[in-house]
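Here's the structure, in structure tokens; my notes come after.
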Amino acid sequence: MTGQAFLTATATALTRCTILVIEKKEMTRALHNGHEFSDHFIAFMLGRNNRIEEDLIDQHLSSCEERLARALLLVARYDKIRKPIAVIPRISQRTLGGLIGSARSRVNYFMNKFKKLGYIEYGERLRVHNASLSEVLKNSIFSDLAAARPN
């Protein structure tokens, strides 16, 4: 849509999916004529922009452990389904490492730590306990704020 000469990103599906290709001319027409569609598309793009900003902030200010906790919560879609326990599609530690900008060995270390603490369960499936794993993020955010606050 923006006329880029080449793609700047790739995507990897974690589950089976169907991809719909919409030609630029048809997309432009839908955005101009379909108010409900354009509202939905703009909301999606704004949300995507917010997520990119959060990812950049996360990459610069959060530890590897915090980034992994956030990635697991996002993959489990707690922002969408809000269940206390969610099952994540099969995902490799190498893929998780790519999501958080870390080596597979570091992901392995923190996954074992999260499992030992009861934040996650894994075997055939990976189960994420929202309330427990969210504590990793809450505790780190509050401790960082407290340390930065002048007395």
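Bear in mind that the values in this text are calculations on the coordinates, not laboratory data. Quantities reported herein were computed from a predicted structural model and do not represent experimental measurements. Methodologically, a virtual Cβ is constructed for each residue, glycine included, from the backbone with ideal geometry; neighbour enumeration extends over all protein chains shown.
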Multiply the residue gap between ALA103 and ARG125 by 0.36 nm, knock off their C-alpha separation, and tell me the result in nm, one decimal place. 5.8 nm
Measuring from its Cα centre, region 1-50 shows a charge dipole (+1 at each Lys and Arg Cβ, -1 at each Asp and Glu Cβ) which, in debye to the nearest 20, is 140 debye
Per the rule of 0.36 nm per residue minus the C-alpha distance, extending CYS17 to PHE44 adds in nm 7.9 nm
Full extension between ALA9 and ALA30 adds, at 0.36 nm per residue less the Cα distance, a length in nm of 5.1 nm
Could you list which residues have their amide H under 5 Å from that of LEU126, counting only those 5 or more apart in sequence or on another chain, with H placed in the peptide plane? ILE88
Work out how far the C-alpha atoms of region 1-119 reach from end to end along every principal axis, then list the three figures in whole Å, largest first. 54, 34, 29
Would you work out which of LEU56, VAL87, ILE42 lies farthest towards the positive end of the dipole of region 1-118, given +1 charges on the beta-carbon of Lys and Arg and -1 on that of Asp and Glu, about the Cα centre? VAL87
About its Cα centre, how strong a charge dipole does region 1-142 have in debye, to the nearest 20, once Lys and Arg get +1 and Asp and Glu get -1 at the Cβ? 560 debye
Can you compute the label reach from VAL87? Point 7 Å from Cα along the Cβ direction, backbone N cut-off under 11 Å, restricted to region 108-138. 124-127
Ordered by residue, what ³J(HN,Hα) values in Hz, to whole numbers, does region 7-14 give under the Karplus form 6.51 cos²θ - 1.76 cosθ + 1.60, where θ = phi - 60° and Gly and Pro are x? 6, 10, 8, 10, 9, 10, 7, 8
Suppose we look only past 17 Å in the calculated P(r) of region 1-49. What percent of the Cα-Cα pairs does that tail hold? 54 percent
Using the Karplus curve 6.51 cos²θ - 1.76 cosθ + 1.60 with θ = phi - 60°, work out ³J(HN,Hα) for each residue of region 109-125 in order, rounded to whole Hz, and write x for Gly and Pro. 4, 6, 4, 5, 5, 4, 5, 4, 7, x, 6, 9, 10, 8, x, 5, 10
Using a cut-off of 11 Å between beta-carbons, work out the net charge of the residues near ARG90 (Lys and Arg +1, Asp and Glu -1, ARG90 not included). 0
What order do you get for 6-15, 50-59 when each peptide is scored by the mean count of other beta carbon atoms within 10 Å, highest first? 50-59, 6-15
